[in-house]
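Presented below is the structure to which this report refers.
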Amino acid sequence: MRLTPQIEEALASKLRERAALAPEFWSFSGRSRREAGHGIFAYPAMMVPQLQGALLEDVQAVDSTVSSVIDPFMGSGTVMLESVSRGLSFSGTDINPLAVLLATVKSRVYEPELLIRVRQRIALRVTADLSDELAVDFHNRDKWFRADVARDLSKLKRAISAERRKPIRQAFWVAMAETIRLVSNSRTSTVKLHSYKIEEIAARQIDTIDTFLRISAAQIEQLKDQAEALTRGLRANPTLTISCNVADARSVPTQRTKAAADILMTSPPYGDNVTTVTYGQHSYLPLQWIDASDVPGMRQELLENTRSIDSISLGGKLKGALDWADDLQSKSPAFAICLDQLRSHPRNAQSRFIAFVRDLDESLDAITAHLRSNAWMFWTLGERKISGVSVPTVAIVRDLLVSRGSRHIETLERKIPGGTKRMAYRNASVETMNTESVLVMRGPCYADPDSRS
């Protein structure tokens, strides 16, 4: 990978040129439709595919040596699809098993005609299933699912489980997950579990089977376009590889890998999941119904309660957080300023801030260990509030990366059309997010031969 400052300025110039020609280019207002597999499930706070695609194309234009991308906060696989469709190998991880199931399905070339036949088989099995037995039992099941809905979901679960091939089952589990999102008693207007009122639940007109058939039909069309995009990438690079796994971004490898990536493209949580975007809570109900053996990395303890997944994510544990303040202040002036602003607020606010930055900082050691020397880095970041104090996430991440030898290339600002990234609560602490930034960095330069610079 070339090291000269000229190549870094070449990328910065291309990025600035796009904004100069169209000031709102990076906002992608009206140009962010989720097609070709990106729309098979409404995962919270998804990245804009066209944005990530444009960034990949720009770095490919200035550096022809890049061949692989890593995303340690993979979510539902937006970066994966955009990378592979451009002939780039991909390795991604996420702590949420449902996210990894979604990304796994998005990484496959499915045959649409086969999926159509399977969908028909599932419909026939459901029609022939006269059992009223409920297929799952978990705490508050009856709170979240009306009796008739639970019976129909049980029929669908049995019908999908009867399919012999795991990759096919996984594709239809995604359709099941999206169905559950729409037919459960949780409001779809928020990613947090929030039940309708009792009278509203009784009055809802729900046809669970019809909803599933409609969603699965639409998904088959998406997967058809997805197959074309993935095939295009495989033709461009027949040796590319795809890896999607459940893992904690803080897991540090024992040694730097020779298969390290040329590009880091990711969007970490914008704060602890409990009070920002509750990814785990959003996944809780679908994961109760999907066969655990078909969900990558699924463990029963992740479903102990609605907050189990979120509590193991960045900032999920507050114990001992205050002890890390001095270390983080030495690495990030922006962190130090924000912490000073929070000192007049309750200790809980300080602990939440420090705990998240502590965990994010810890993850950076593992993340940079997976990168080749001077790798390109694209961080899509948003800035939340804690007790009314704005957290300068972009500046903090930049500081933490610079402390590890990274170099700043450019920062792109973008508006989020319609304020589409909703937080867990709408109050003075956390609110709807309207803007975000893309922090463009060059990774650390490693002198060791295994870095493959």
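Annotations
- Qualifying residue in region 1-9 (condition: at pLDDT 75 or above, surrounded by 17 or more Cβ atoms within 10 Å (Cβ to Cβ) and under 27 Å from the mean Cα position of the chain (by Cα)): no
- Where helices (runs of 4 or more DSSP H) fall wholly inside region 106-167, the ranges with 2 or more residues that are aliphatic (A, V, I, L, M) are 112-128, 147-161.
- Matching residues, region 184-210, being of a type in the set (A, V, I, L, M, F, W, C) and crowded, with 22+ Cβ neighbours inside 10 Å: V191
- Note on region 215-251: residues that are loosely packed, with under 15 Cβ neighbours inside 10 Å and either on the phi > 0 side of the Ramachandran plot or of a type in the set (K, R) (or both) total 2.
- Of note, E111 does not satisfy the criterion of being over 18 Å from S251 (Cβ atoms), crowded, with 24+ Cβ neighbours inside 10 Å and among the charged types (D, E, K, R).
- Note on region 40-53: residues that are open to solvent by 10 Å² or more (accessible area, probe 1.4 Å) and touching a Phe, Trp or Tyr at 6+ places or on another chain (Cβ under 9 Å) amount to 4.
- Look at (1) within 23 Å of R187 (Cα to Cα); (2) at pLDDT 90 or above and you find that G419 fails only one, number (2).
- For A261: the one exception among (1) among the aliphatic types (A, V, I, L, M); (2) in contact with a Ser or Thr (Cβ under 6 Å, 6 or more places away or on another chain); (3) without any contact (Cβ under 8 Å) to a residue 12 or more places away in the chain: (3)
- Restricting region 10-39 to residues that are touching a helix residue (DSSP H, G or I) at 6+ places or on another chain (Cβ under 7 Å), hydrophobic (A, V, I, L, M, F, W, C) and modelled with pLDDT under 75 leaves a set whose member that is most open to solvent (accessible area, probe 1.4 Å) is A36.
- Total residues in region 336-354, condition assigned to a helix (DSSP H, G or I), open to solvent by 30 Å² or more (accessible area, probe 1.4 Å) and touching a residue at least 40 places away in the same chain (Cβ under 8 Å): 3
- For region 124-141, the set of residues classified as surrounded by 16 or more Cβ atoms within 10 Å (Cβ to Cβ) and among the polar types (S, T, N, Q) is empty.
- Among residues of region 299-317 being of a type in the set (A, V, I, L, M, F, W, C) and either modelled with pLDDT of 95 or more or open to solvent by less than 30 Å² (accessible area, probe 1.4 Å) (or both), the one that is farthest from S363 (Cα to Cα) is L303.
- Reported count of residues in region 198-233, each being in contact (Cβ under 8 Å) with a residue 12 or more places away in the chain, among the hydrophobic types (A, V, I, L, M, F, W, C) and more than 25 Å from V126 (Cα to Cα), is 3.
- Of the residues R121, R117, the single one that is open to solvent by 20 Å² or more (accessible area, probe 1.4 Å), more than 19 Å from A177 (Cα to Cα) and modelled with pLDDT of 95 or more is R117.
- Test for S154: is it within 30 Å of A236 (Cα to Cα) and either buried (at least 16 other Cβ atoms within 10 Å of the Cβ) or in contact with a helix residue (DSSP H, G or I) (Cβ under 6 Å, 6 or more places away or on another chain) (or both): no
- From the list S283, S251, the one residue that fits, being within 27 Å of S437 (Cβ to Cβ), in a loop (DSSP other than H, G, I, E, B) and of a type in the set (S, T, N, Q), is S251.
- Counted residues, region 289-313 - those being within 16 Å of K192 (Cα to Cα) and part of a helix (DSSP H, G or I): 5
- Any hit, region 61-84, residues being surrounded by fewer than 23 Cβ atoms within 10 Å (Cβ to Cβ) and in a helix (DSSP H, G or I): yes
- Residues (surrounded by 24 or more Cβ atoms within 10 Å (Cβ to Cβ) and out of contact with any Lys or Arg (no Cβ under 9 Å at 6 or more places or on another chain)) located in region 288-298: none
- Residues of region 188-208 classified as of a type in the set (D, E, K, R), more than 18 Å from R141 (Cβ to Cβ) and part of a loop (DSSP other than H, G, I, E, B), total: 3
- Counting only residues that are open to solvent by less than 10 Å² (accessible area, probe 1.4 Å) and at pLDDT below 80, region 434-453 holds 1 of them.
The values are calculated or read from the model by the stated rules, or taken from the named source; none is laboratory data. Everything numeric here is computed off the predicted structure, so don't read it as measured data. Note: ideal-geometry Cβ built from the backbone for every residue, glycine included; neighbour counts use all protein chains shown. The protein model used for the area step is the full one, side chains on, heavy atoms only, and it has no ligands, DNA or RNA in it. Shrake-Rupley method; radii C 1.70, N 1.55, O 1.52, S 1.80 Å.
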